Each structure stands twice: as C-alpha cells, then as structure tokens.
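The values are calculated or read from the model by the stated rules, or taken from the named source; none is laboratory data. Just so we're clear, the structure is a prediction, and the values are computed from it rather than from any experiment. Cβ placement follows ideal geometry from the backbone for every residue including glycine, while neighbour counts extend to all protein chains displayed.
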Number of protein chains: 2
Amino acid sequence: MSQGRHAPTALTPQPARTQLTPRAAEIVQAARELLEEQGPEALTMRALGERLGMRAPSIYKHLKGKEAVEAALIEQGLAEMGAALYAALDGAGDPVEAVLRAYRRMALAHPNLYRLSTGGPLNRAALPEGLEEWAGTPFFLACGEPQLAQALWSFAHGMVILELDGRFPDSSALDLTWREGARAFLAARTAP
Amino acid sequence: MSQGRHAPTALTPQPARTQLTPRAAEIVQAARELLEEQGPEALTMRALGERLGMRAPSIYKHLKGKEAVEAALIEQGLAEMGAALYAALDGAGDPVEAVLRAYRRMALAHPNLYRLSTGGPLNRAALPEGLEEWAGTPFFLACGEPQLAQALWSFAHGMVILELDGRFPDSSALDLTWREGARAFLAARTAP
DNA sequence: CTTGTCAGGCTAACGCTGTTAGCCTAGAGT
DNA sequence: ACTCTAGGCTAACAGCGTTAGCCTGACAAG
C-alpha cells in the first residue's frame, strides 16, 4: 500500500470480512458461478442445490436463506470493487481517470455481481460495518472533496448500469462519453 | 413549446403513445396505483385483479401478461419524464441546471415508476419507436453535444437511483452534490 | 322472436419460487 | 456403548405468472 493523490489509502483499513463455515463458503462460491454464468433469474435455491449435489432445503442448514446468500455475494462484490479502486489509486496517472477506468473494468468483468451489489435497496445489517464506505472512499481520495466524490461515483454508477442494461443507443461511443465525464470532473476538481 | 438553449424542442416531436382499450387503460391505471402505493413486490396479477374486482386470469383478456402491464407503465414513465424535461428547458435559467432539477423532481415524485422505467434491461419492442430517445433528448439540448449529454444523463440517473435506493450515507448533503455535479458539467460545456 | 357469436368474466390447475417441519443417519464425544 | 448433533433428505405450504376451458349476458343476423 502506498498512497493516492491526496491522502494515504491506509487511513481507511479494509473492514473484516464476515466469517463463513467452509461449507457455506462453497455454497456462496457456487451461487456466484450460477449468478455470473446464467444471470440473476437462474439463481434459485433449487438450482443452487443441484449444482452442489444437494436439495434446496439442505442449504438452510448452512445459510439463513436466499437473502443471506445474496448478502454474501454483495459483500464479495463490494470488497473486490474496493480493492480494485484502491489499487487503481496506487498506479500512475490522474486518480480520477484511474478510478473511473477501474470502476468500469470491474463492473463489466462481473456484470451480474455488480448489478446485485449495487441495485435495489441494501440490507446494511447483513454487511460488515463500514464495508460500503470503505469501497467508496477511493472516489473521495481521487477528488479530495466529498460532494464532488459523490457526484463522480453517481456518474460512474450511472454509466455502468446504463451500459450493462443496454440503455444507451447502439451507436453510442461510450469510451468518448467516459472521457467527457472525466474531463468535466477533472476540471471541476482543479478549478473551484 | 418554444425552445431550449441550443435547438428548438420541436425538432423531436413526441412519439405516439400506444393505444389501449378503455378497460386495459383502467388496468394499467390500477397497476400504477398499486406500484406507487405499495412498491414493486405488491404488483402481482392477483393483487391487481383484486383491486379491479376481478380475478387474475381475467386480466389476460385485456393485456398479454404482466410484462405488457409493466411495458405500459414504463411507457407512461418515459413519456412523463420527457414532458417534464422539455418543460424545464422552456423555463428560465441555465438548461443544464433546469434539466437536472426536473429530472430529480420527477424521479422522486414517482420513485417506483422511475425504478421500473429505468431499472434492468428494457424490452424495446414493447415500446413506441423513438420514445426513449425522445425522452432523453433534453439532455442533448441542454449540452449541445451528445457525449457530454450522455455523461450528464448518467450522472443524473446515478444520483437519483442511488438516492432512491438509500445508498448514500445518511449524512449526505445531496443538494450540494447535485450542485457540484451541475458545476462540473456546466464548466465542461462552456470550456472545451 | 329466435338464433349465433363472442367479449369478458370465472374456476381449476400447472410448474415454478422461497421456505418450514420433521425424519434419518453417520460420526464424534463421553 | 450411548448420546448428541451436523447435515442430508422428503413432503408440504403459500404465493407467483400463466393456460385451458367453461359460462353467461349482450348484441347482431335472419
């Protein structure tokens, strides 16, 4: 770990991950594969059981229910996104551009996990305290100012989710759009 | 209708709305009330039927299925959003700020309709040709340039959806965040 | 006036979902 | 040797979207 542009990343240590039993971890791993390979609709308790060679009700011996499976996946998604963003800050180049690039790259690499992690209301009680904030901090580190950081995060999330959902016209030059957005935020940061 | 900052709004006339039978329109209206009052989970075919004094299977005499009901709602959402954005362009003040304000206002006024309209993949075949593009054009009219317009739209959508989903920390000063975002895009537009 | 058509309701049922209750069995601990 | 329990199982429930098939009242044609 070294540092970003404005502050040492070590200021916000990564929160501890929730501890799962080995079997529960296997189940979550299988759930992740199912989710990524076949989409959110395919992630059913019965399909998950089948992939593990067991029946759906047996899963409940290891995890409270489908929500708990999803919470574990969301935790993975946030943790990996956070790691990718902090790593991007450590690289060369402007931190705003670096964070945006890493964000998009991560989301497109795991689209269904990203959607699950960031879509819809979030059951915070099921997540490790502070994980969400930790994962978002790189935006603050890149901007040096909380409001602009939130705005930058919103831009990044909006871009990614609209791209994943195929909401942009087919003719869209998304690389250019990302560049334009980066340019706007870069200008706002350096010139208040 | 008059004009926005860069181009007359009449350049892109509102696409025709899909025609529903009176009874089908009643059903869609009831669906909208159900959706807004009790959330997306409550919008089931049986609940919808009950609200109309009929059984769920009877709905299929008027609409193809739940997807058709949702498509009609999405169409309403997009049409109303578009109308609000064009109206905002006609007002005083900077068009970027006006469009952002109208977008947020509209989304927060009908959160569940907004989520339905903008979340997840979109079945374009079920929508009037060009409606989506028409509803998004005000962003272009405000920016005068397609890439910046897409970026602005992404920012607005990200802000709104994260706010609706309660993803921002409770302490967030979202008004300020919107202002910061507007400032960034305004600067990018005027100073290329 | 009778007859035929059919729009628009109904019930029953299917296959799917998450979930619960209760049973059974192999292995660990005392 | 006895007990306990982790971790599997089946059966079942309620709710979901949806389909098939029936029925009835209104309305048009002869």
Next item on the list: Would you point out the residue of the stretch A:34-74, among those that are assigned to a loop (DSSP other than H, G, I, E, B) and near DNA strand D (Cβ under 9 Å from one of its atoms), that is farthest from the other protein chains (Cβ to nearest Cβ)?
Entry: A:GLY53
Check: If you take just the helices (runs of 4 or more DSSP H) that sit entirely in the stretch A:122-192, which of them hold at least 2 residues that are more than 9 Å from every other protein chain (Cβ to nearest Cβ) and of a type in the set (Phe, Trp, Tyr)?
Finding: A:131-143
Checklist line | So B:LEU174, is it in contact with a helix residue (DSSP H, G or I) (Cβ under 8 Å, 6 or more places away or on another chain) and within 19 Å of A:TRP153 (Cβ to Cβ) | finding: yes
Check: So which of A:GLY93, A:GLY120 ends up being modelled with pLDDT under 95 and more than 16 Å from the chain's Cα centre (by Cα)?
Finding: A:GLY93
Notebook entry, point to check: So A:THR21 clears everything in (1) within 12 Å of DNA strand D (Cβ to nearest atom); (2) in contact with a Lys or Arg (Cβ under 9 Å, 6 or more places away or on another chain) except one condition, right? Which one?
Noted result: (2)
Item checked: Conditions (1) among the β-branched types (Val, Ile, Thr); (2) more than 9 Å from DNA strand C (Cβ to nearest atom); (3) modelled with pLDDT of 95 or more; number of the one not met by B:ILE59 -> (2)
Next item on the list: Filter the stretch A:3-19 for residues that are surrounded by 11 or more Cβ atoms within 10 Å (Cβ to Cβ), under 20 Å from the mean Cα position of the chain (by Cα) and either modelled with pLDDT under 50 or part of a loop (DSSP other than H, G, I, E, B) (or both) and give the result.
Entry: A:GLY4, A:THR12, A:GLN14, A:PRO15, A:ARG17, A:THR18
Next item on the list: Among the numbered conditions (1) without any contact (Cβ under 8 Å) to a residue 40 or more places away in the chain; (2) crowded, with 20+ Cβ neighbours inside 10 Å; (3) under 25 Å from A:SER117 (Cβ atoms), tell me where B:LEU174 comes up short.
Entry: (2)
Next item on the list: For the stretch A:132-152, state whether one or more residues are in contact with a Cys (Cβ under 8 Å, 6 or more places away or on another chain), buried (at least 16 other Cβ atoms within 10 Å of the Cβ) and at pLDDT 95 or above.
Entry: yes
Notebook entry, point to check: Which residues, counting only those in the stretch A:62-83, are surrounded by fewer than 20 Cβ atoms within 10 Å (Cβ to Cβ) and closer than 14 Å to A:GLY136 by Cα?
Noted result: A:ALA79, A:GLU80, A:ALA83
